[in-house]
Protein chains: 2
Amino acid sequence: MKDPLLEFPGYALRRAANAAGAILSERLGELGLRQADASALILLDANPGLTSSRLGAALGIQRANMVPFLNRLETEGFVERVPIDGRTQGIHLTDQGRARLTDARRVIETFEAELIAMVPREHRTHLLPALLALWK
Amino acid sequence: MKDPLLEFPGYALRRAANAAGAILSERLGELGLRQADASALILLDANPGLTSSRLGAALGIQRANMVPFLNRLETEGFVERVPIDGRTQGIHLTDQGRARLTDARRVIETFEAELIAMVPREHRTHLLPALLALWK
DNA sequence: TATTGTTATACTCTATAACTATA
DNA sequence: TATAGTTATAGAGTATAACAATA
């Protein structure tokens, strides 16, 4: 069967992201985490006290969608909100959040290593810079 | 602000795919098409008479989700179902479907050219083979 | 007046289980 | 018995508009 779609980098990008995302989601799911959860934990660990808006901007999640997102992370005990002034709150990891992050890192680092190993050696070092150029 | 996520190809893959997908979706939307619609039209043009199951397998869409998908394409007059035997139908483009495909191709080819142009020259030829290795 | 956080809502995409009619 | 198509449903992700409280 002919597949003219294979010539399109944009199409391959979408399919590759979906395939990789499905694998990572399944593995993080065993930790009770979604991809965005793990990304948030990593970002908050490196930047304690980020506001919801700034965290959302970094993750590509809109303010309005950050509310139920952070509510869930707070309910599960991974983050806490600490008031900065009357309208702004800094988000901080809890001890439980840091513990779960340790597990998540193991999963992610294994996943990323497997992912890059799937790429033929001659293309391997080009993948990350090429992808970053597409959105950064 | 530190962003440790930028070291992860898997994360960059997801963000790049989302960014690129948002642009393409908006442009195809002006033609009344979604990304999967355009992919289906291209695939059906190259392979007339594909069954729903085989088309879905090629597009990475599950059988159950093909039903409302093809119903919509049929309602909009882009495809028709031609019975093969009592339980199987071949999907074919209509004249209207082929006409819309012509417009979609223009949009997609422009988009793909812009996308690849965003990648620094030294990485450019590596992107497609690297992405195909991740899901093909 | 602009910004932060919020509420409500809706649409798309994807996933699963179960049913039917037919091969 | 296996397969093609279908139905129903639920979960995730994402988008917009509008509001209150505060800077």
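The values are calculated or read from the model by the stated rules, or taken from the named source; none is laboratory data. Here the structure is a predicted model, which means the values were calculated and not measured. Using ideal geometry, Cβ is built from the backbone for each residue, glycine included, and neighbour counts are taken over all protein chains shown. These accessible areas exclude ligands, DNA and RNA; they are computed on the full protein's heavy atoms, side chains included. Shrake-Rupley method; radii C 1.70, N 1.55, O 1.52, S 1.80 Å.
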query = Taking only protein heavy atoms and a 1.4 Å probe, what accessible area per residue, in Å², does the stretch A:4-133 have with all protein chains in place?
reply = 50
task = May I ask you to list the lysines whose Cα is less than 21 Å away from that of A:K2, ignoring any residue fewer than eight positions away on the same chain?
result = B:K136
message = Amide H of B:Q89 versus every other amide H placed in the peptide plane: which residues, excluding those fewer than 5 positions away on the same chain, fall under 5 Å?
response = B:S52, B:I84
message = Under a crude label model (7 Å from the Cα following the beta-carbon direction), how far is A:R63 from B:T125 in nanometres?
response = 4.8
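Per DSSP helix of 4 or more residues, -39500 (n - 2.57); summed, then divided by the residues of chain B. What does that give at 222 nm, rounded to the nearest 500?
Working: 6 runs with 93 residues, N = 136.
Roughly -22500 deg cm²/dmol at 222 nm, from the helical runs in chain B.
Kindly rank B:16-25, B:38-47 from highest to lowest mean number of other beta carbons found within 10 Å of each residue. Write down the numbers at each step before the final one.
Details: B:16-25: 17.8, B:38-47: 21.1.
Per-residue Cβ counts within 10 Å, averaged per peptide and sorted highest first, yield B:38-47, B:16-25.
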query = Interface A/B, total buried accessible area with a 1.4 Å probe, nearest 100 Å²?
reply = 5100
task = Enter the angle in degrees (range 0 to 90, nearest 10) between the Cα long axis of helix A:95-117 and the first principal axis of the Cα atoms of chain A, meaning the one along which they spread out most.
result = 10
remark   = Place a point 7 Å from the Cα of B:A46 in the direction of its beta carbon; the residues of the stretch A:4-22 whose amide N falls under 11 Å from it are A:4-8
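Of all the accessible heavy-atom surface of the protein assembly as shown, with the other protein chains kept in place and a 1.4 Å probe, what percent is carbon and sulfur? Could the numbers behind the result be given before it?
Values: 7010 of 13860 Å².
Carbon with sulfur: 51 percent of the solvent-accessible area.
Looking at chain B, I'd like the Rg to Rh ratio, where Rg is from alpha-carbon atoms and Rh is Kirkwood's inverse mean 1/r.
Details: Rg = 17.5 Å, Rh = 16.8 Å.
We get a ratio of 1.04 for chain B.
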query = If you take the alpha carbon radius of gyration of the protein assembly as shown and divide it by 2.2 N^0.38 Å, what ratio comes out, to two decimals?
reply = 1.15
Spacing of the two label points (7 Å from each Cα toward its C-beta) at B:W135 and B:R27, in nm = 1.9
message = Tell me the relative contact order for chain A as a rounded percent, counting alpha carbon contacts under 8 Å between residues six or more apart.
response = 21
query = Nearest 10 degrees, 0 to 90: what angle lies between the long axis of helix A:63-75 and the longest principal axis of chain A (Cα atoms)?
reply = 70
task = Could you tell me how many degrees, from 0 to 90 and to the nearest 10, lie between the Cα long axis of helix A:35-46 and the main elongation axis, the longest principal axis, of the Cα atoms of chain A?
result = 60
request  = Would you be so kind as to list the residues of the stretch A:7-22 that have their accessible area lowered by at least 30 Å² in the full protein complex compared with their chain by itself (1.4 Å probe)?
outcome  = A:F8, A:P9, A:G10, A:Y11, A:A12, A:L13, A:R14, A:R15, A:A16, A:A17
inquiry  = Give me the one-decimal nm value for the distance between modelled label points at A:R54 and A:H92, 7 Å along each residue's Cα-to-Cβ direction.
reply    = 1.5
